[in-house]
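The values are calculated or read from the model by the stated rules, or taken from the named source; none is laboratory data. Bear in mind the structure is a predicted one, so any value in this text is a computation, not a measurement. FYI the Cβ positions are ideal-geometry reconstructions off the backbone, even for glycines, and counts take in every protein chain you see. The area values use the complete protein model at the heavy-atom level, side chains included, leaving out ligands, DNA and RNA. Shrake-Rupley method; radii C 1.70, N 1.55, O 1.52, S 1.80 Å.
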Amino acid sequence: MESFDFVVIGAGPAGEAAAYKARELGASVAVVDRQWFGGSCPHIGCLPSKSLLDGAARHAANPERYGWAAASAARDYMVNRPADAAEPDDSSHLRRLREAGAVGYRGTATIIGRGRVEVRHDGARHELSGTNVVVAVGSSSKRPPVEGLDAVPVWTNREATLARELPASLLVLGGGPTGCELAQVYARFGVPTTIVQSGPRLAPTDHPRNSEVVRAALERDGVVVRTGVRAMRARAGAGAGGAHVIELDDGSTAEGHAVLLAVGRAFPLDDLGLEHYGVDTTGRTPFPRDGRLRIAEGLWVVGDPAGPELHTHQGHYQGELAVRMALGEDVRPDYRALPRATYTDPEAAFVGLTLDGALDAGLDAFELVADFATSAKGYAVQATLGHVTIVVDRRSRELVGAAMACPDASAAIHECVVAIKAHVPIDVLAETIHAFPSTSRILNGLFADAWRELDRGSD
């Protein structure tokens with residue numbers, strides 16, 4: 001048995017962050033993963049999808065000069081996949097961990113007792129001992145209970161981000177960030193694309209105005225958007241040209257030669273051995289997904305299974321924080337300023353609370369909205385869509401929420417992230433000089449309007 005201060009199960013962004021932080025603080029650490037070191041994000045998630053989105057934007061701007069072959073090659077470079085290989089190469093992730101002093105194991109890890117983890121690979125078994133066990137197992141695409149779906153060779157984000165050939169048509173089940181981003185990619189490359197979302201709007205966890213802009217952008221690019229309908233049964237190859245048919249609960253159908261599942265994520269916790277820490281794994285949720293990190297003495301859960309949301313940057317934050325907490329630092333998770341971003345064109349970003357969320361939380365809040373398309377920045381980039389929204393609490397005179405849909409939303413939102421995290425007063429934000437013309441300058445105007453509103457209310 002080998003002994004460590006930390007045994008990390010899962011080498012995705014959260015697990016890597018935990019391992020690097022442990023080594024930085026002088027702790028010994030073992031990291032186990034049964035597939036890719038680095039996890040889904042750099043190989044079949046965040047990075048290849050953003051590369052394909054960039055390729056799709058280049059193609060939309062100049063179809064003759066930038067086609068699918070160029071976008072596919074750029075994506076392969078991004079995920080470190082040679083032209084003659086089917087899978088990305090994760091060796092650089094494992095090498096960097098080992099260079100940092102971590103011990104890496106390829107294999108399947110199971111908790112067999114408190115502080116004891118068994119690793120199995122190629123018929124061999126060996127045991128690790130850890131003062132702290134960090135569960136960072138990530139998530140996988142959820143398979144909806146649709147009759148006949150087992151007969152359809154469905155896509156997940158893996159197939160959609162690694163595809164080298166365009167499908168004849170694409171049907172996306174699920175309208176979250178993954179579904180919306182990949183729908184735009186394939187639609188812009190000329191693939192007839194339909195997206196089916198059971199709820200009333202796309203991007204259901206985003207700000208409602210962002211959802212409106214994302215839908216308008218997809219429809220502008222030719223995506224057929226079906227909201228408020230649910231997939232009921234599948235008929236493999238029963239459509240035109242051998243397309244798969246999905247019957248919907250309103251009596252209509254949708255078809256696609258490729259069917260992408262983007263209806264949510266599942267967490268591989270059932271056979272992990274959490275019961276050795278007194279965690280009941282028989283229910284739907286073995287522990288609250290509220291981002292608490294510490295589940296039991298010496299047991300930590302970080303990344304997607306931890307909640308409260310599903311973001312690579314959240315997992316990175318949690319991996320580092322769990323190690324700091326385990327080593328005795330007086331720190332606790334703070335998700336008030338957790339940014340969300342969808343990288344469609346235009347981008348959408350959101351942090352903090354909506355107006356309704358702020359009022360439900362008992363805040364004396366108000367909202368201010370600016371139209372992006374008719375701003376100086378919007379005119380400069382010939383925008384036809386977009387907004388910038390802020391939510392302010394009168395009592396604290398602070399920003400408590402912000403959302404925007406515009407070309408650089410994922411970057412511009414971070415002024416609001418810092419303002420919420422650091423409790424920056426509205427008057428300080430309003431008096432800060434912002435470059436013109438920029439998206440941040442639109443925020444500056446809203447901050448100034450909010451300051452005047454606060455002063456009127458105090459008269």
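What is region 188-330 by shape, rounded, prolate or oblate, if you read a ≥ b ≥ c off the alpha carbon gyration tensor as root eigenvalues and call it rounded for a/c under 1.5, prolate for a/b larger than b/c, and oblate otherwise? Write out the running numbers ahead of the final one.
On the way: a/c = 3.01, a/b = 1.97, b/c = 1.53.
Cα axes put region 188-330 in the prolate bin.
Could you rank ARG209, ARG395 by how accessible they are, 1.4 Å probe, largest area first?
So, going from the largest accessible area down, we get ARG395, ARG209.
With the full set of protein chains in place, find how many percent of the accessible area of the chain is carbon and sulfur; take the probe as 1.4 Å.
50
Rounded to the nearest 500, what is the 222 nm mean residue ellipticity of the chain from helices alone, with -39500 (n - 2.57) per DSSP H run of 4+ residues and division by all residues?
Rounded to the nearest 500, the figure is -9500 deg cm²/dmol.
In µm²/s, what is D for the chain at 4 °C and 1.567 mPa s, where D = kT/(6 pi eta Rh) by Stokes-Einstein and Rh is the Kirkwood radius from Cα pairs?
Once the numbers are plugged in, D ends up at 55 µm²/s.
Could you bin all the Cα-Cα distances of region 81-209 into 5 Å bins starting at 0 and give me the percent of pairs in each, rounded to whole numbers?
Cα pair-distance distribution for region 81-209, in percent: 2, 7, 12, 13, 15, 12, 12, 12, 10, 4, 1.
If one computes the Cα centroid of region 366-422 and of region 202-254, what distance in Å separates the two points?
Here the answer is 29 Å between Cα centres.
Out of LEU274, VAL103, ALA405, whose Cα points farthest toward the positive end of the dipole of the chain (charges: +1 Lys, Arg; -1 Asp, Glu; placed on Cβ)?
Highest projection toward the positive end goes to VAL103.
Could you tell me which of rounded, prolate or oblate describes region 273-359, using a ≥ b ≥ c as the square roots of the eigenvalues of the alpha-carbon gyration tensor, with rounded for a/c under 1.5 and, failing that, prolate when a/b is larger than b/c and oblate otherwise?
Prolate, since a/c reaches 1.5 and a/b exceeds b/c.
Going by a ≥ b ≥ c, the root eigenvalues of the Cα gyration tensor, does region 324-459 fall in the rounded group (a/c under 1.5), the prolate group (a/b larger than b/c) or the oblate group?
oblate
Using the Cα centre of the chain as origin and beta-carbon charges of +1 (Lys, Arg) and -1 (Asp, Glu), tell me which of THR161, TYR317, THR227 is placed farthest towards the positive end of the dipole.
THR161
If you consider only alpha-carbon coordinates, what radius of gyration and Dmax does region 1-134 have, in Å?
Just the Cα atoms of region 1-134 yield Rg and Dmax of 18.4, 60 Å.
Mind listing which trypsin sites (Lys or Arg not before Pro) in region 2-91 are in a DSSP loop and have 14 or fewer other Cβ atoms within 10 Å?
ARG65
Rg (Å, one decimal) plus Dmax (Å, integer) for the alpha carbons of region 165-204?
Gyration radius and largest Cα-Cα distance of region 165-204: 10.0, 32 Å.
Strictly under 4.7 angstrom between C-beta atoms: which cysteines of the chain have no such partner?
Among the cysteines of the chain, those whose Cβ sits 4.7 Å or more from every other are CYS180, CYS406, CYS416.
Could you tell me which trypsin sites (Lys or Arg not before Pro) in region 243-289 are loop residues by DSSP with no more than 14 other beta carbons within 10 angstrom of their beta carbon?
Passing sites in region 243-289 are ARG284.
Viscosity 1.306 mPa s, temperature 10 °C: what is the translational diffusion coefficient of region 143-239 from Stokes-Einstein with a Kirkwood Rh over Cα pairs, rounded to a whole number of µm²/s?
114
Where in the chain is the longest stretch that carries no GluC sites (Glu not before Pro) classed as loop by DSSP and with at most 12 other Cβ atoms within 10 Å? Write down the numbers at each step before the final one.
Values: sites that count: GLU64, GLU165, GLU297, GLU329.
In short, 166-296.
Counting heavy atoms of the protein chains only and a 1.4 Å probe, report the per residue accessible area for the chain as a whole number of Å².
44
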